[in-house]
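The values are calculated or read from the model by the stated rules, or taken from the named source; none is laboratory data. Everything numeric in this text was worked out from a predicted model, so none of it was measured. Note: ideal-geometry Cβ built from the backbone for every residue, glycine included; neighbour counts use all protein chains shown. Protein only, heavy atoms only, side chains kept; ligands, DNA and RNA dropped before computing areas. Shrake-Rupley method; radii C 1.70, N 1.55, O 1.52, S 1.80 Å.
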Amino acid sequence: MMIGTSDAVTHNAYSNGLIQHSNDSVEEKLDELRHLMGKTEGDPLRMVGVGAGAWGSVFAAMLQDSYGHFREKVQIRIWRRPGRSVDRATAEHLFEVINSREDVLRRLIRRCAYLKYVEARLGDRTLYADELLKDGFCINMIDTPLCPLKVVTNLQEAVWDADIVVNGLPSTETRVVFEEISRYWKERVTMPVIISLSKGVEAELEPEPRIITPTQIINRATGVPNENILYLGGPNIASEIYNNEYANARICGSEKWRKPLAKFLRQPHFIVWDNGDLVTHEVMGGLKNVYAIGAGMVAALTNESATSKSVYFAHCTSEMIFITHLLAEEPERLAGPLLADTYVTLLKGRNAWYGQKLAKGELTLEMGDSIKGKGMIQGVSAVKAFFELLSHPSLSILHPEENEPIAPVELCPILKMLYRILILREFPPQAILQALRDETMNDPRDRIAIAQTHAFYRPSLLGQKF
């Protein structure tokens, strides 16, 4: 949770990662950003979250906790679709959460909002996700109450005059929503700044294969210049960040915006660094979701065997290292952030959870990849994107031993099996163990050695020129 006092100690990070402690007040940070955005007295800085999943809701709540009391200087809102009803079981669980937290209980009573939760618990009233969010409850994260939020269900009302838009949508929904938003921005003189939290990816195979990320989708949909679009990500679990667990993240994009926004967002428990390599970090955020699903399957199928999980981790990290050598000219720089993000996702992320539930038979692929209480499982679409991309014939590489051209995906057996399980549905989740136990599978170390000793880098995969 961000600190809402004007004398809070904050951290000022330099681009080399070193941290300088300073006593910049919260209000001073807000004033600096307002000045940079050309805001005058009486004209509040308008910040809008688009999408109210766990991370999007927490991000808006952090901003509200930290800056919301400066009402004349900043206005913080969040948009979510109206009409999503809350089932009886969720209402009952929410009632238990409310009554277990004295601060939340008192807040609801003070706001005359407690009675509707009693009625919903008894089955006498239907609650809706947007009204829950106004009271500080995210439908995907019921166990972690947030602060009350200003919720807008009309997209045009939410975004038409926004100065900063935070994209909290799944990558699969980003295009449709931002194409609609673009209609409301046709008359704008100045374009907003957009911070994307989304970690999904898509594959575009024509005219040449490449990865499309949410920030690129937003640029295409709205015409907002790339300079104004940033990505923020890190090895974080939303509920833990809001509960003051120490966390860090990177905001990536143009220097004009990433440095002041890093300072604006940084808090004692949430350290934000800045980096200029936007697309690569964004893609890495999508890549780890692919292998997290498989990790969940392995954990469930082996009764949480530490040995089996470590075998899987060795293979999946070697595949990720191989893929980063295709995507990045200096892949070593990505190793730390990628492994950290992968590690936290394997421990507690929704993609690993989804893999576990599939393997246990508690979920099926027919249920889709938008799961009640969890939101969108972005790893499923990422499996499809990376497989399609890395199996494209134009990306053929020379097999290091057989000296024959092969598609890069042929050196990624875990990715291939996840595609056959999740997308083609040829095999049940148990097949992931067969892939691990295949006697013909290369030593993970060999795959890393291949990546490090051969020129596999393909700049075109991220839309860059050779």
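Only one entry in 118, 104 is hydrophobic (A, V, I, L, M, F, W, C) and under 29 Å from the mean Cα position of the chain (by Cα), namely 104.
Looking only at the range 169-199, residues that are open to solvent by less than 30 Å² (accessible area, probe 1.4 Å), assigned to a helix (DSSP H, G or I) and either farther than 18 Å from residue 226 by Cβ or in contact with a strand residue (DSSP E or B) (Cβ under 8 Å, 6 or more places away or on another chain) (or both) come to 5 in all. In the range 420-466, the residue that is modelled with the lowest pLDDT out of those that are open to solvent by 50 Å² or more (accessible area, probe 1.4 Å) and part of a helix (DSSP H, G or I) is 453.
Residues in the range 67-84 that are surrounded by 20 or more Cβ atoms within 10 Å (Cβ to Cβ) and more than 22 Å from the chain's Cα centre (by Cα): 67, 68, 74.
Restricting attention to the range 404-414, does a residue exist that is modelled with pLDDT of 75 or more, assigned to a helix (DSSP H, G or I), crowded, with 22+ Cβ neighbours inside 10 Å and not β-branched (Val, Ile, Thr)? There is at least one residue in the range 404-414 that is modelled with pLDDT of 75 or more, assigned to a helix (DSSP H, G or I), crowded, with 22+ Cβ neighbours inside 10 Å and not β-branched (Val, Ile, Thr).
Among the residues of the range 332-341, the one identified as open to solvent by less than 20 Å² (accessible area, probe 1.4 Å) and touching a residue at least 60 places away in the same chain (Cβ under 8 Å) is 341. Collect the residues in the range 372-383 that are open to solvent by 20 Å² or more (accessible area, probe 1.4 Å) and modelled with pLDDT under 90, keeping them in residue-number order. Within the range 372-383, 372, 373, 374, 376, 378 qualify. A single member of 203, 221 is closer than 24 Å to residue 381 by Cα, of a type in the set (A, V, I, L, M) and touching a residue at least 60 places away in the same chain (Cβ under 8 Å), and it is 203. Residue count for the range 351-370 under the criterion of being open to solvent by 30 Å² or more (accessible area, probe 1.4 Å), under 22 Å from residue 285 (Cβ atoms) and of a type in the set (Ser, Thr, Tyr): the result is 1. The combined condition, being under 18 Å from residue 343 (Cβ atoms) and of a type in the set (A, V, I, L, M, F, W, C), is fulfilled by residue 306. Inside the range 151-173, residues that are within 24 Å of residue 252 (Cβ to Cβ), among the β-branched types (Val, Ile, Thr) and modelled with pLDDT of 95 or more make up a count of 4.
For the range 368-404, filtering for residues that are under 25 Å from the mean Cα position of the chain (by Cα) and closer than 19 Å to residue 420 by Cβ leaves 15.
Here residue 202 passes the criteria (1) at pLDDT below 95; (2) surrounded by fewer than 21 Cβ atoms within 10 Å (Cβ to Cβ); (3) among the acidic types (Asp, Glu) except the one numbered (2).
Against the condition open to solvent by 30 Å² or more (accessible area, probe 1.4 Å) and more than 11 Å from the chain's Cα centre (by Cα), how does residue 165 come out, does it pass? Judged against the criteria, residue 165 is not a match. Considering every residue within the range 132-155, establish whether at least one is surrounded by fewer than 18 Cβ atoms within 10 Å (Cβ to Cβ), more than 28 Å from residue 114 (Cβ to Cβ), more than 22 Å from the chain's Cα centre (by Cα) and not hydroxyl-bearing (Ser, Thr, Tyr). Among the residues of the range 132-155, not one is surrounded by fewer than 18 Cβ atoms within 10 Å (Cβ to Cβ), more than 28 Å from residue 114 (Cβ to Cβ), more than 22 Å from the chain's Cα centre (by Cα) and not hydroxyl-bearing (Ser, Thr, Tyr), which makes the answer no. Residues of the range 273-283 that are open to solvent by less than 40 Å² (accessible area, probe 1.4 Å) and among the charged types (D, E, K, R): 274, 282. Among the residues in the range 294-303, are any farther than 28 Å from residue 36 by Cβ, at pLDDT 95 or above, open to solvent by 30 Å² or more (accessible area, probe 1.4 Å) and in a helix (DSSP H, G or I)? Scanning the range 294-303 turns up at least one residue that is farther than 28 Å from residue 36 by Cβ, at pLDDT 95 or above, open to solvent by 30 Å² or more (accessible area, probe 1.4 Å) and in a helix (DSSP H, G or I).
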